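Below is one structure, written out as structure tokens; comments come after it.
The values are calculated or read from the model by the stated rules, or taken from the named source; none is laboratory data. If you're wondering where the values come from, they're calculated on a predicted model, not measured in any experiment. Because the Cβ atoms are built from the backbone with ideal geometry, glycine has one as well, and the counts that use them run over all protein chains shown.
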Amino acid sequence: MMPINNFNNTKIKIYSTTKGIKIVDSPIKIQILNMLDGQVSEADIVNQTRKSKSTISVHLKNLIDEGIISFKSHPMDRRSKLFYILADYIGEIYPDKIIYKSPDIESELNNQEQLYTELFRQYKSILLVHGLQLEPLEVETGKKIGKEIYQSFEFDTYDELLNLIVDKFEKLKLGNIKVSSDKPLILKNNNCHECKKLQYNMPICNITKGILKGIFEEYYEKTVSVEEVECTSKYDDCCTFIIETIDINNS
């Protein structure tokens, strides 16, 4: 199955604010938002964007007025401000509709499992067809499920936890998990349910990523990064996830 059109890195970001849903399509604003992983000063934003201070000030004010970002005084210099993202990031739009065509309905829809499986595939693909990627929401949904799954586990050792994850994925028909590496932890998922027979040009197993994030954040009791580096939707042999703990030092 060939792509309808080529991948375009241009993205439109979507945020949920106290003032409603806000769309950001300005390349400079997107560049600023990409920098705000934590708290960043206006001087640093000016230096990294290589734009004038007056230009950056206008964009920062607009993002504040939209309820997307906020600021606080710099602890070392009260004349300076530290900017940070206030709104919830919920997804992005790729304007060129970069997805492959929607999959055909292959199931006979004779039972509830077949129905909900097909509903999931068609709903996810129709979003992608229109260039709408809701990764943050999908990850958060999976994370909630992962935390609940973790509460059902009974184990004494880390290896027992990994075996329980393998068994649970198989039981729920989410795929066949294998541990590829311990440091960092790399899990390979064959026969992945989430991207089954979907063809896209980037990893799309965000709910699975969220499930793993939820499980391991409960285990480590700290923030965990889960990155999908391979996906069968883009013709990789399997879906591969790298799982690492991270420390949040910014307050």
Considering only residues that are at pLDDT 90 or above and either touching a Cys at 6+ places or on another chain (Cβ under 6 Å) or small (Gly, Ala, Ser) (or both), look in segment 22-43 and name the one that is surrounded by the most Cβ atoms within 10 Å (Cβ to Cβ). Ser41
Residues that are touching a residue at least 40 places away in the same chain (Cβ under 8 Å), of a type in the set (Phe, Trp, Tyr) and surrounded by 13 or more Cβ atoms within 10 Å (Cβ to Cβ): which strands (runs of 3 or more DSSP E) entirely in segment 150-251 hold 1 or more of them? 239-245
Could you tell me whether any residue of segment 45-67 is in a strand (DSSP E or B), of a type outside the set (S, T, N, Q) and modelled with pLDDT under 95? no
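For every residue, the table says whether it meets (1) among the basic types (Lys, Arg); (2) within 26 Å of Ser107 (Cβ to Cβ).
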site	(1), (2)
Glu154	no, no
Lys171	yes, yes
Asp182	no, no
Ile186	no, no
Asn191	no, yes
Lys222	yes, no
Just for segment 1-21: of the residues that are surrounded by 16 or more Cβ atoms within 10 Å (Cβ to Cβ) and outside any loop (DSSP other than H, G, I, E, B), which one is modelled with the lowest pLDDT? Ile12
Scan of segment 172-195 for residues that are at pLDDT below 95 and charged (D, E, K, R), ordered by number: Lys173, Asp182, Lys183, Glu194
